[in-house]
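Structure first, then comments.
The values are calculated or read from the model by the stated rules, or taken from the named source; none is laboratory data. Please read these numbers as outputs of a predicted model, since none were measured by experiment. Cβ placement follows ideal geometry from the backbone for every residue including glycine, while neighbour counts extend to all protein chains displayed. Please note that ligands, DNA and RNA were not included when accessible areas were found on the heavy atoms of the full protein model with its side chains. Shrake-Rupley method; radii C 1.70, N 1.55, O 1.52, S 1.80 Å.
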Amino acid sequence: MEKFSRTLRGYDPDEVNDFLDKIIRQVEDIVRENKEKDKRIAELEGMGQENQRLKEQLQQYERTEATLNRAIVMAQKTSEQIKLAAHHESEILIEEAKQNANRIVNEALLRAEKTEREANLLRRNINIFKRRVKDIVEAQLDVVNEFENIDL
C-alpha cells in the first residue's frame, strides 16, 4: 500500500496525484491487455480449453480493474475526510489562539488598572506628605516669629 507524506492540509497533493497517475496507467494497461485478450479469444474460438482459460484470465483482470476503481474512490473519500479533519482542527486552533489572546489582553488590562491605582495612591500620599511638611514648616516659622516677638 502506498504511503503519502502529510502536509498542512492533509496528504501531499503531488504524491497523491502521482499515485493516481500510476494507478490510471496500470488500469489503462489492464484495459489494453483485456482488449488484446478479447482478440485472442475470438481467434481461439474453436479451442475450448484455451478459450476457457483466457476467459477466466479476463474475468480476473476485470475484477482487478474493479478493485482498483474501488481503491481510487476510497482514496478520494479518504482525501476529503482528511481535508475536513484538517479544516476542523485549524478552526479549533484558531479559536484557542483567540481565547489565549483575549486572556492575555485581559491580564494586561488588569495589570494596567492595578498600576494606575497604585500610582494614584502614591500621588495622594505625596500630596499628604507635602501638606504635613508644609504644616510643620509653618509651625516652626510661627515658633521663630514668636521668639522674635519676645523681649529679652
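What tally of residues in the range 91-108 results from selecting those that are more than 17 Å from the chain's Cα centre (by Cα) and open to solvent by less than 100 Å² (accessible area, probe 1.4 Å)? Give the derivation first.
Taking the range 91-108 and keeping what is more than 17 Å from the chain's Cα centre (by Cα), we get 102-108.
With open to solvent by less than 100 Å² (accessible area, probe 1.4 Å) added as a condition, the list becomes 102, 104-108.
Summing the residues that are more than 17 Å from the chain's Cα centre (by Cα) and open to solvent by less than 100 Å² (accessible area, probe 1.4 Å) in the range 91-108 gives 6.
Might you let me know whether the range 58-66 holds any residue that is small (Gly, Ala, Ser) and over 30 Å from Gly10 (Cβ atoms)? No, the range 58-66 contains no residue that is small (Gly, Ala, Ser) and over 30 Å from Gly10 (Cβ atoms). Scanning the range 51-66 for residues being in contact with a helix residue (DSSP H, G or I) (Cβ under 8 Å, 6 or more places away or on another chain) and open to solvent by 70 Å² or more (accessible area, probe 1.4 Å) gives a total of 2.
Quick check on my filter: what residues within the range 67-84 are open to solvent by less than 100 Å² (accessible area, probe 1.4 Å), touching a residue at least 40 places away in the same chain (Cβ under 8 Å) and under 19 Å from Glu15 (Cβ atoms)? Leu68, Ala71, Ile72, Ala75, Ser79, Ile82 - these are the residues of the range 67-84 that are open to solvent by less than 100 Å² (accessible area, probe 1.4 Å), touching a residue at least 40 places away in the same chain (Cβ under 8 Å) and under 19 Å from Glu15 (Cβ atoms).
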